[in-house]
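Before any comments, here is the structure.
The values are calculated or read from the model by the stated rules, or taken from the named source; none is laboratory data. None of these values were measured; they are calculated from a predicted model. Using ideal geometry, Cβ is built from the backbone for each residue, glycine included, and neighbour counts are taken over all protein chains shown. The area values use the complete protein model at the heavy-atom level, side chains included, leaving out ligands, DNA and RNA. Shrake-Rupley method; radii C 1.70, N 1.55, O 1.52, S 1.80 Å.
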Amino acid sequence: MRHQADCIFCKIILGQIPCKKVFEDEEVLAFHDIHPVAPIHFLIIPKKHIAMLAEATLDDQAILGKMMCLAPKLAEEQGAEPGREGGFKVIVNNGAQGGQEVYHMHMHVLAGSRPWKVPGLG
Ligand code: 5GP
Ligand code: ZN
């Protein structure tokens, strides 16, 4: 698996920085965000270092699809209510103008009883 030495999320994947793990398999890792902005807030990342969504290629479509399909399952496992009354929010920030701060592509999954607001989204 390609990792980048100065990447904080690659260090989490390698166990060099601790995290509160939600899910792991050979291709993806999910862990709680260190600064949650909703009652449930975790990140799903590919183990392969992809700096940003805009750098993903069609070779990455299976892993990106897996991340998307895992989101509802993991959100419910973490306590998100199912169905239309419950739900969750998925966000991918891309680049500075997209609000990205960590340059290892990640999907935010946010859920739980409102009110809560994602900074920058209003
Ligand atoms: P971005 O703004 O790049 O989409 O989001 C990066 C997210 O990573 C932020 O919500 C931030 O709180 C989270 N984060 C940054 N460093 C760490 C860390 O070391 N551990 C964990 N668990 N989350 C982190
Ligand atoms: Zn990385």
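Values as computed for the structure displayed
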quantity: Subset of the range 89-116 that is β-branched (V, I, T) and outside any loop (DSSP other than H, G, I, E, B) - its residue that is nearest to the chain's Cα centre (by Cα); calculated: V109
quantity: Residue match in the range 53-66 (condition: buried (at least 19 other Cβ atoms within 10 Å of the Cβ), closer than 20 Å to I13 by Cβ and touching a residue at least 24 places away in the same chain (Cβ under 8 Å)); calculated: no
quantity: Search result, residues across the range 95-116 that are open to solvent by 50 Å² or more (accessible area, probe 1.4 Å) and either in contact with a helix residue (DSSP H, G or I) (Cβ under 7 Å, 6 or more places away or on another chain) or among the aliphatic types (A, V, I, L, M) (or both); calculated: A96
quantity: Scan of the range 45-102 for residues that are basic (K, R) and more than 22 Å from E26 (Cα to Cα), ordered by number; calculated: R84, K89
quantity: Selection from the range 85-104 of residues that are more than 9 Å from ligand 1 (Cβ to nearest atom) and not aromatic (F, W, Y); calculated: E85, G86, G87, K89, V90, G95, A96, Q97
quantity: Breaking point among (1) touching a residue at least 60 places away in the same chain (Cβ under 8 Å); (2) open to solvent by 40 Å² or more (accessible area, probe 1.4 Å); (3) within 25 Å of K117 (Cβ to Cβ); (4) in contact with a helix residue (DSSP H, G or I) (Cβ under 9 Å, 6 or more places away or on another chain), for V92; calculated: (1)
quantity: Where D25 falls short, out of the listed (1) among the acidic types (D, E); (2) more than 10 Å from ligand 1 (Cβ to nearest atom); (3) touching a strand residue (DSSP E or B) at 6+ places or on another chain (Cβ under 7 Å); calculated: (3)
quantity: Qualifying residues in the range 1-46 (those that are part of a loop (DSSP other than H, G, I, E, B), under 19 Å from L70 (Cβ atoms) and open to solvent by 60 Å² or more (accessible area, probe 1.4 Å)) - the one farthest from ligand 2 (Cβ to nearest atom); calculated: P36
quantity: Flag for P119 being loosely packed, with under 14 Cβ neighbours inside 10 Å, in contact with an Asp or Glu (Cβ under 8 Å, 6 or more places away or on another chain) and part of a loop (DSSP other than H, G, I, E, B); calculated: no
